[in-house]
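Structure, as structure tokens:
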Amino acid sequence: MKVVKVLINTSVKSLNKVYDYLVPITLEDKVEIGKRVEVSFGRKNEEGIIVKLYEETKEDLNSRKYKLKEITNILDEISYIDEKKLKLAKYISYIYFCNVYDALKLMLPPGTSSKKSNKSLNTKQDIYVKVIKSEYEITQEIESGVIKSGNHIRLLKFLLENDNVLINDLIDGLGISRSVINTVKKNGYIEFIKKDKKVDLLKNIKVERTYKLNPTNEQKVVIDSISKDIDIGKYKQILIHGVTGSGKTEVYLQLIEKVLSKNKTVIVLVPEISLTYQTVVRFVSRFGNNIAILHSKMTIAQRKEEYKRIKNNEVDIVIGARSAIFAPLDNIGLVIIDEEHDSSYYSSTTPKYSTKDIASYICKQNDAILVLGSATPEVTTYYKAKNGQIDLYEMKNRPGVSVLPEVELVDMKEERLFGNKSIFSNLLKDEIRKNIERNEQTMIFLNRRGYSSYLKCNDCSYIFKCNNCDVAMTYHKSNNLLLCHYCMQAIKNVDTCPMCGSQNISSSTIGTQKVEEELNMLYPGISILRMDADTTITKDAHQKILDEFRNKNINVLVGTQMISKGHDIPNVTLVGILGADSMLSMNDYLASEKAFSNISQVSGRAGRKDKKGRVIIQTIDVDNKILQAVKDHSYNDFYENEISFRKNFLYPPFQDLIIFELISNNQEELKKESNILYNILKEDIDNLYKVFSPKSPYIQKINNKFRIYIVVKTIANTKFYNNIYIKINKFNKIKNKNISFIISKNPHSMIL
């Protein structure tokens, strides 16, 4: 008789193992490794995945200590999980401290559910569901038990991974009832957005077929060299370090063509924000319908259809954001990760994985080539390349007559001394005016949305802070709203200090709304667009703004880091960068890398074609080494300074950082439990790692939950993992049930 080993859908660590179930005769023809099943587990039915299938005789079954239960139902028609995916899930579980099922869920199509579909809503408009509370707050409320309903948890966790989901997709795909969705909305976690129904963007793409271009000398060296590696057919990891506008995309296209000629397949990953219409058009024009697209802006139904196309071998190329690395693609010959430095390649929810680590594992499984591309690669990646662990190719020039823009640093201290109280330097104001007169376009970058960073009482110095979080609230002038960007608490119509009653209140520092307002005052009648988290809530909003900026030749685009990469707009000749100093002063060991990357990337938007580009960076520290490196277009200068710092303090790439984060609404209990964990971690270290005493992070409280970090520096090898898992299990057995416990490896955001 057939027996299956089933992994249960649970995050409980003690249940991270397989259980045997008997297959009833009626389902024997349908069972398959990787299919989800419904099984009786404990006192209720649970969802699970078949991870092994084998035969047992009646004698074997009768000799078991307990009689096997039968699987109740098979939930999938198609299996998307094969032996390779099972091995990948075990790898993810091991190095990222999660249950295997958590990893397997990454590899399933969106919208899978053990419940039957409900009837779709019939409406003349599409209704989208959007999360309006912060990811961190929701995760904490789930883990602490504030959110108790299983359906509520399932809905919110799904929405955290999938932006702007059609309500019909939730009902049909997740099996979530409308009443559950309405309750979650009533509780303030989500909102509904209604839009007129539209056909899929890809169906309306009309492009002319394009063919490979004659490469520049630099491009030819890269293409020829990597093509030889493709011919050999062995795993290799390669970094293409090419300046902005150097033609990396054309290199990718020609390498893909080479791989397709070998009858192998390709995955291309791009940051979510860069998955723009122009990117899709360029690939479709070269390869036609031989492409599947996967990203969170698509509906669940669209992504399910793409999964089926991939699984049925109808396409050879998958293009998408982070999650596309798990696409059910066979015979992979090449994986490309463009803008490899981007933080979107790091998952902030369980499992907290690095896409590059996953891609490397998949390429090893398939003897495939992994290509990483960036103008500002991660320091860790570049270190590996410089030390021969991965191959390195440099592309230092732009094709044709295009050259890198001229960068100038403006000392804002001098501007203030000479009476300039504007948020713009005199030089930037003059250059914007000239651009308007020449009918050329300008981008203004400020990595802070809203009108101002915070409000302050000028009489008693009170700063308006969030009651739930240890942060100042951001002022949004357009609706006279103070908003916490962590827990989304809002206070309207602020005009009086709650401490002293004074109405002498002023704003401090600036946001994108303030920049837009001052531009309108300085240049009456000009056209301005703003691109930040407040203006890009709706589906396709990013692309609509960029299309309008490009096609209508809008004078100025003001934006946060979402304007900094992936956009090639020929008429942009001027980039102004505000607030550079705030990026450099973040309390994070990655602050310098992030600042250099953001500023360099947005600088690269200027002068992309035959027009000369200019970049003006406003700062109070013109001698700053990072800004000087940006000015000189010298990644190497930045790298040498940064790698020295990392080596001195044993930060990655020299050692790994393992962050143990404990969360509770009881600060004293949290301190007690963190000391217990600290003492456990200190036991029998045997020089495997160094553990630092518990420390509150820069932002100690989020949504009334206190946080404490314990940092471990180590080289994360098998010996370390074997040691640390013993200690994790020991702590889990004795820890207070009200304490949440999260572990991260080399997180891309670590403000301590």
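What follows draws every value from the coordinates through simple rules; no lab data is involved. Computed from a predicted structure; not experimentally measured. Every residue, glycine among them, receives a Cβ derived from its backbone with ideal geometry; neighbour counts consider all protein chains shown.
Go through S744, L68, P697 and say which Cα lies farthest out towards the positive end of the charge dipole of the chain; charges sit on Cβ, +1 for Lys and Arg, -1 for Asp and Glu.
L68
May I ask for the angle, rounded to the nearest 10°, between helix 591-603 and the longest principal axis of the chain, with both axes built from Cα atoms and the value confined to 0 to 90°?
Once rounded, one gets 60 degrees.
Report, by chain and number, residues whose modeled amide H sits under 5 Å from the one on E408, excluding near sequence neighbours (fewer than 5 apart, same chain).
V615, I616, I617
Ranked highest first by average number of other Cβ atoms within 10 Å, how do 573-581, 127-135, 647-655 line up? Intermediate values should be presented prior to the final figure.
On the way: 573-581: 24.1, 127-135: 18.0, 647-655: 15.2.
Per-residue mean Cβ counts within 10 Å order the peptides as 573-581, 127-135, 647-655.
Taking only Cα atoms, what is the 0 to 90° angle, nearest 10, from helix 150-161's long axis to the longest principal axis of the chain?
Result, in degrees: 40.
Enumerate cysteines in the chain without a disulfide-compatible partner, where compatibility requires another Cys Cβ under 4.7 angstrom.
Among the cysteines of the chain, those whose Cβ sits 4.7 Å or more from every other are C98, C363, C487.
Quickly rank 284-294, 431-441, 677-687 as a protection proxy: mean count of other C-beta atoms within 10 Å, highest first. Could you put the intermediate results ahead of the total?
Values: 284-294: 18.9, 431-441: 16.1, 677-687: 14.0.
Result, highest mean Cβ count within 10 Å first: 284-294, 431-441, 677-687.
Quick one: Kirkwood hydrodynamic radius for the range 656-745, alpha-carbon pairs, angstrom, one decimal?
Details: mean 1/r = 0.0752 Å⁻¹.
Result for the range 656-745, one decimal place: 13.3 Å.
Return one number: the angle in degrees, 0 to 90 and rounded to the nearest 10, between the long axis of the Cα atoms of helix 135-144 and the longest principal axis of the Cα atoms of the chain.
40 degrees
Report, to one decimal in Å, the Kirkwood hydrodynamic radius for the chain based on all distinct Cα pairs.
On the way: mean 1/r = 0.0356 Å⁻¹.
Across the chain, the inverse of the average 1/r is 28.1 Å.
What is the sum of charges, Lys and Arg at +1 and Asp and Glu at -1, for the other residues whose Cβ falls under 13 Å from the Cβ of K434? All intermediate terms of the calculation are to be shown ahead of the outcome.
Details: positive: K429, R433, R438, K611, K612, R614; negative: D430, E431, E437, E440.
Every neighbour counted, the sum reads +2.
Given all pairs of different Cα atoms, what value in angstroms does the Kirkwood hydrodynamic radius of the range 125-197 take? Intermediate results must be reported in sequence, preceding the final value.
Details: mean 1/r = 0.0816 Å⁻¹.
So the Kirkwood estimate lands at 12.3 Å.
In Å and on Cα atoms, what radius of gyration and Dmax does the range 2-105 show?
Spelled out, the Cα radius of gyration and Dmax of the range 2-105 are 13.6, 41 Å.
If you wrap a convex hull around the Cα atoms of the range 709-752, how much volume per residue is inside, in Å³? Write down the numbers at each step before the final one.
Details: hull volume 3.7 nm³, N = 44.
Spelled out: Cα convex hull of the range 709-752, divided by residues, is 85 Å³.
Students often get this wrong, so check it: of K625/K713; K5/K737; K157/K352; K2/K308, which have C-alpha atoms separated by over 23 Å? Before the final figure, lay out the partial values.
Working: K625/K713 27 Å; K5/K737 30 Å; K157/K352 14 Å; K2/K308 28 Å.
Going by Cα-Cα distance, K625/K713; K5/K737; K2/K308 fall outside the 23 Å limit.
Here is the link list: K386/K690; K356/K682; K17/K85. Which ones come out longer than 23 Å on Cα distance? Write down the numbers at each step before the final one.
Details: K386/K690 27 Å; K356/K682 31 Å; K17/K85 17 Å.
Going by Cα-Cα distance, K386/K690; K356/K682 fall outside the 23 Å limit.
For the chain, what does the relative contact order come out to in percent, with C-alpha contacts under 8 Å and a separation of six or more? Could the numbers behind the result be given before it?
Working: 1407 pairs, mean separation 83.4, N = 752.
Computed value for the chain: 11 percent relative contact order.
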